[in-house]
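Comments concern the structure below.
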Amino acid sequence: MNKKSLQTKEKIEKAMFSLLTTISYDQISVAEIAKEADVSRTAFYRNYDQKDDVLKKFIDEQYQIFIADIEKNKLLTLMEELKTYLSYFKRNPHLMEILLNAGFEGVLLNQQTIYLKKLIQTRHPELQLPDYAYSFQSGGIYMTLVWWVREDHYQTPVDTLVQYIQKHLEFNTK
């Protein structure tokens with residue numbers, strides 16, 4: 001991808017999140033995103049098919065950053081990886097608030113479930129979880145994250161959350 005295209009994508013992404021702080025997602029149009037990003041609608045459509053793609057691409061990129069962080073720090077256990085995952089949101093507190101307030105609960109849960117399954121299958125194949133278990137585990141982790149953001153406002157330490165999740169979400173390691 002060339003530098004100009006990358007800059008355009010970054011401008012569009014920033015514009016989308018800027019708009020989400022004041023306008024509901026349903027009310028945001030591609031034209032408004034393009035205007036806020038100071039790019040043409042043609043430039044938007046050169047990079048994305050629709051506004052949903054901006055969010056999906058952003059989540060994808062964040063997952064890649066998460067995986068790179070895991071590999072860079074040579075994390076070996078799922079709980080260490082979970083700690084890194086939750087710490088990301090603590091370092092970026094407004095991100096999850098914006099996404100939740102925009103009504104992306106279902107999208108976020110679905111994406112997290114996809115990534116959790118991929119993470120476990122590639123980094124912890126010994127767990128051999130049935131498909132329904134990924135949904136169950138992801139749901140527990142996700143709802144803990146939502147509670148932490150909306151109700152607790154990141155007050156509970158990450159280690160406390162990870163210990164609770166480890167205790168209550170049994171990953172079959174036998």
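Before moving on, here are some points about what is shown:
- A count restricted to the stretch 136-147 and to residues that are surrounded by fewer than 17 Cβ atoms within 10 Å (Cβ to Cβ) and either more than 16 Å from the chain's Cα centre (by Cα) or of a type in the set (S, T, Y) (or both) stands at 1.
- Among the conditions (1) exposed (fewer than 14 other Cβ atoms within 10 Å of the Cβ); (2) in contact with a helix residue (DSSP H, G or I) (Cβ under 9 Å, 6 or more places away or on another chain), V107 misses just one, which is (1).
- Only one of the listed residues (D69, D152) is without any contact (Cβ under 8 Å) to a residue 24 or more places away in the chain and either in contact with a strand residue (DSSP E or B) (Cβ under 9 Å, 6 or more places away or on another chain) or not in a helix (DSSP H, G or I) (or both). That residue is D152.
- Only listed residue being out of contact with any helix residue (DSSP H, G or I) (no Cβ under 7 Å at 6 or more places or on another chain), closer than 26 Å to T156 by Cβ and loosely packed, with under 12 Cβ neighbours inside 10 Å, chosen from L6, L76: L76
- Qualifying residue in the stretch 76-86 (condition: closer than 28 Å to L127 by Cβ, outside any helix (DSSP H, G or I) and in the same structural domain as Q121 (by TED's automatic domain parsing)): yes
- Matching residues, the stretch 116-138, being touching a residue at least 12 places away in the same chain (Cβ under 8 Å), under 19 Å from F66 (Cα atoms) and assigned to a helix (DSSP H, G or I): L116, K117, L119, I120, R123, Y134, Q137, S138
- You will find that of T84, T42, the residue that is β-branched (V, I, T) and over 13 Å from the mean Cα position of the chain (by Cα) is T42 and no other.
- Residue in the stretch 20-35 that is hydrophobic (A, V, I, L, M, F, W, C), in contact (Cβ under 8 Å) with a residue 24 or more places away in the chain and not assigned by TED's automatic domain parsing to the domain that holds Q155 present: yes
- Qualifying residues in the stretch 100-115 (those that are assigned to a helix (DSSP H, G or I) and either touching a residue at least 60 places away in the same chain (Cβ under 8 Å) or of a type in the set (G, A, S) (or both)) - the one nearest to E61 (Cα to Cα): G106
- In the set R46, R91, only one residue is more than 26 Å from L116 (Cα to Cα), basic (K, R) and at pLDDT 90 or above; that residue is R46.
- Residue count for the stretch 8-63, restricted to those that are assigned to a loop (DSSP other than H, G, I, E, B) and of a type outside the set (F, W, Y): 11
The values are calculated or read from the model by the stated rules, or taken from the named source; none is laboratory data. None of the values given here were measured: they were computed from a predicted structure. When we count neighbours, we look across all protein chains shown, and the Cβ atoms used for this are built from the backbone with ideal geometry, even at glycine.
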